[in-house]
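In what follows, a single structure is set out as structure tokens and then discussed.
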Amino acid sequence: MRRVTLTQFLIEQQRAGRITADLRLLIEVVARAVKAISVNISKGALAGVLGEAGTDNVQGEAQKKLDVIANEILLQANEWGGHLAAMASEEVETVHQIPFDYPKGGFLLLFDPLDGSSNIDVNISVGTIFSVLRNPPGEAEPTEGSFLQPGREQVAAGYAVYGPSTQFILTVGKGVHGFTLDREMGSFIYTQPYLTIPADTHEFAINASNARFWEAPVKRYVDEMVEGKAGPLGKDYNMRWVASMVADVHRILTRGGVFMYPMDEKCRHQGGKLRLMYEANPMAMLVEQAGGAATTGRERILDVQPLKLHQRVPVILGSKNEVERVTGYHREP
Ligand code: P6P
């Protein structure tokens, strides 16, 4: 079978009028940066890149050396291309402007450079998540406000998952497409056309150690799944929790399931655990493009109007019928 590379795929998307040349260039630059991150991660202890960086990020979380490395790779790769008006990163408090000596373009790029990095030192899959918005017209110097657009405005979203193989998963609004890194060629090869999430599942993902903090609708839903055949759902379920959103979402895009990091008493004061702009929104676009659903428990994630760049939200996403069930429980009196 002819091997189609990410570049060829993107050129065909451009020829079909689905993306512009600038968006194609943006995605190729992100994919190239992801390859560099993958090389660093795969060296592990051999390259002295494991462990703490000795610094905290804007979230007040201790940064891993690879958090900093991945962030730097993405910022430097995207500064000079001429396709971006500005960038925003989980690791950087404010908007990252394009250096004055480089041309600017019309897109805003947001990313979580290394999601799940607490898993790095124990060699469990981690990932990079990215989201692309249009820069509002006339905003030559984008501000935080330029980024505060609902997720439904995204023009592209995707992630890399650094697992047994490195995969690049992408949507430009016409389905979800998977690519696998051929390390010998250094190319991403098109391996999964039109990833689709089954409407039903028997697998759920949640950090069950938070059970005592959950709201009643989530408690009810998880209890029903744990009851299995004997309970109202009439079937047995299995549970997975990688503590790496990219790995859990990739499993769901590949074989179905429901992922929950719901509102709970522990994270209520900050609005949730996961970040809206560069975790929940890109994953919600991918999941909806694959036929699934993504809500906060109370509203569609892609309709949330952001108020702050590093805002957090509750996340329930995956197989449509399961997400609609637990979201429905939130609406019951
Ligand atoms: P907990 C990783 O830190 C992350 O942001 C997501 O990738 C992951 O799903 C979640 O947090 C894990 O959170 O509370 O189980 O450690």
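Quick grid of which residues meet (1) in contact (Cβ under 8 Å) with a residue 40 or more places away in the chain; (2) touching a Gly at 6+ places or on another chain (Cβ under 9 Å):
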{"position": "Thr94", "(1), (2)": "yes, no"}
{"position": "Asp121", "(1), (2)": "yes, yes"}
{"position": "Gly127", "(1), (2)": "yes, yes"}
{"position": "Pro137", "(1), (2)": "no, yes"}
{"position": "Val155", "(1), (2)": "yes, yes"}
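Would a scan of the stretch 182-190 turn up a residue that is in the same structural domain as Val246 (by the TED database), part of a strand (DSSP E or B) and over 17 Å from the mean Cα position of the chain (by Cα)? No, there is no match, as no residue in the stretch 182-190 is in the same structural domain as Val246 (by the TED database), part of a strand (DSSP E or B) and over 17 Å from the mean Cα position of the chain (by Cα).
Among the residues of the stretch 319-331, are any under 13 Å from the mean Cα position of the chain (by Cα) and either modelled with pLDDT of 95 or more or within 19 Å of Leu109 (Cα to Cα) (or both)? The answer is no, given that none of the residues of the stretch 319-331 is under 13 Å from the mean Cα position of the chain (by Cα) and either modelled with pLDDT of 95 or more or within 19 Å of Leu109 (Cα to Cα) (or both). Once the stretch 65-90 is narrowed to residues that are surrounded by fewer than 22 Cβ atoms within 10 Å (Cβ to Cβ) and charged (D, E, K, R), the residue that is farthest from Leu108 (Cα to Cα) is Lys65. Within this structure, Leu233 fails the test of being at pLDDT 95 or above, assigned by the TED database to the domain that holds Ala156 and not basic (Lys, Arg). Being over 21 Å from Gly163 (Cα atoms) and assigned by the TED database to the domain that holds Gly186 holds for only one residue in Ala21, Ala70, and it is Ala21. Of Thr196, Thr191, Thr171, all but one fail to be in contact with a helix residue (DSSP H, G or I) (Cβ under 8 Å, 6 or more places away or on another chain), in contact (Cβ under 8 Å) with a residue 12 or more places away in the chain and among the β-branched types (Val, Ile, Thr); the exception is Thr171. Condition check: assigned to a loop (DSSP other than H, G, I, E, B), closer than 19 Å to Ile129 by Cα and not small (Gly, Ala, Ser). Does Val49 satisfy that? No.
Residues in the stretch 11-24 that are more than 20 Å from the chain's Cα centre (by Cα) and assigned to a helix (DSSP H, G or I): 7 in all.
In the stretch 250-274, the qualifying residues are those that are under 22 Å from Glu61 (Cα atoms), part of a loop (DSSP other than H, G, I, E, B) and more than 12 Å from the ligand (Cβ to nearest atom), and the one that is farthest from the chain's Cα centre (by Cα) is Glu265.
For the stretch 121-176, the strands (runs of 3 or more DSSP E) that sit wholly inside it and include 1 or more residues that are over 14 Å from the mean Cα position of the chain (by Cα) and in the same structural domain as Ile73 (by the TED database) are 126-134, 166-171.
The values are calculated or read from the model by the stated rules, or taken from the named source; none is laboratory data. What you see is a predicted model; the values in this text were computed from it and never measured. Note: ideal-geometry Cβ built from the backbone for every residue, glycine included; neighbour counts use all protein chains shown.
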